[in-house]
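One structure is given here, and the rest of the page talks about it.
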Amino acid sequence: MANKITNKIYGDFAGGRTAIGLLAIRLVFGLGIALHGWGKIQNPFSWMGPDAPVPGILQALAALSEFGGGIALILGLLTPLALLGLASTMIVAITTVHANDPFVARGGGRSFELAALYLTVAVAILLAGPGKFSLDALLFTRTRRNQTAEQEVPINQADAFEI
């Protein structure tokens, strides 16, 4: 049962050049989003200030999804969970905090391009998977191999030794 769930969540772990590309994206994106969330995790329940339109618990979830999700992406550990949290946080940011902002602000200022970029990268990695060079691949490929090996054992052990 766990094998079927793992296969649905992770699919196949990409190898070769694709795995190297996914690793590079995960490392840079993970570091960027973790640093983006660093200031928020310092004061997780009130990083938006006293007049915030968002309750403290939701601010804490956003801080955790950014900082913790960034660390998870760097490690390639529980990446689907981390990416779902990040994607949800960016959707909320785009539709609430940046609802009236332009995509790109001319001359600086508020815009939603960074949140849209974070959302797009999160969805892309979620669809592609973390790749072969991740803790997810190390942990969950071994689990699949062990379960497959157990399924391939002949019912009658004596049959395995017949020539």
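The values are calculated or read from the model by the stated rules, or taken from the named source; none is laboratory data. Quantities reported herein were computed from a predicted structural model and do not represent experimental measurements. We place every Cβ from the backbone using ideal geometry, glycine too, and count neighbours over all the protein chains shown.
Which of the residues belonging to segment 93-116 are part of a helix (DSSP H, G or I) and within 24 Å of V28 (Cα to Cα)?
A93, I94, E113, L114, A115, A116
Failed condition for A24, given (1) of a type in the set (A, V, I, L, M); (2) in contact (Cβ under 8 Å) with a residue 12 or more places away in the chain; (3) out of contact with any helix residue (DSSP H, G or I) (no Cβ under 7 Å at 6 or more places or on another chain), with all others met?
(2)
Confirm whether L119 is among the aliphatic types (A, V, I, L, M) and in a helix (DSSP H, G or I).
The answer is yes for L119.
If we keep just the residues of segment 75-109 that are of a type outside the set (A, V, I, L, M) and touching a helix residue (DSSP H, G or I) at 6+ places or on another chain (Cβ under 8 Å), which is nearest to P55 (Cα to Cα)? Lay out the reasoning, then the answer.
We begin by selecting, within segment 75-109, every residue of a type outside the set (A, V, I, L, M); these are 76, 79-80, 85, 88-89, 95-96, 98, 100-103, 106-109.
Applying the additional criterion that residues be touching a helix residue (DSSP H, G or I) at 6+ places or on another chain (Cβ under 8 Å) yields 76, 79-80, 85, 88-89, 98, 103.
Working: G76: 30, T79: 26, P80: 25, G85: 17, S88: 16, T89: 14, H98: 17, F103: 26 Å.
Residue satisfying both the conditions and the ranking: T89.
Could you go through segment 100-123 and let me know if any residue there is at pLDDT 95 or above, surrounded by 20 or more Cβ atoms within 10 Å (Cβ to Cβ) and under 20 Å from A14 (Cα atoms).
yes
This table checks each residue for (1) touching a His at 6+ places or on another chain (Cβ under 7 Å); (2) under 16 Å from D136 (Cα atoms); (3) not charged (D, E, K, R).
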residue: N3; (1), (2), (3): no, yes, yes
residue: G11; (1), (2), (3): no, yes, yes
residue: L22; (1), (2), (3): no, yes, yes
residue: A34; (1), (2), (3): no, no, yes
residue: K40; (1), (2), (3): no, no, no
residue: L61; (1), (2), (3): no, no, yes
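Has segment 43-61 got at least one residue that is more than 12 Å from the chain's Cα centre (by Cα) and under 15 Å from Y118 (Cβ atoms)?
Within segment 43-61, not a single residue is more than 12 Å from the chain's Cα centre (by Cα) and under 15 Å from Y118 (Cβ atoms).
Of the residues G109, G85, which single one is free of Cβ contacts under 8 Å to residues at least 12 places away in the same chain and of a type outside the set (S, T, N, Q)?
Answer to the selection: G109.
Output yes when any residue across segment 10-25 is closer than 19 Å to L119 by Cβ and of a type in the set (A, V, I, L, M, F, W, C), and no when none is.
The answer is yes; a qualifying residue exists.
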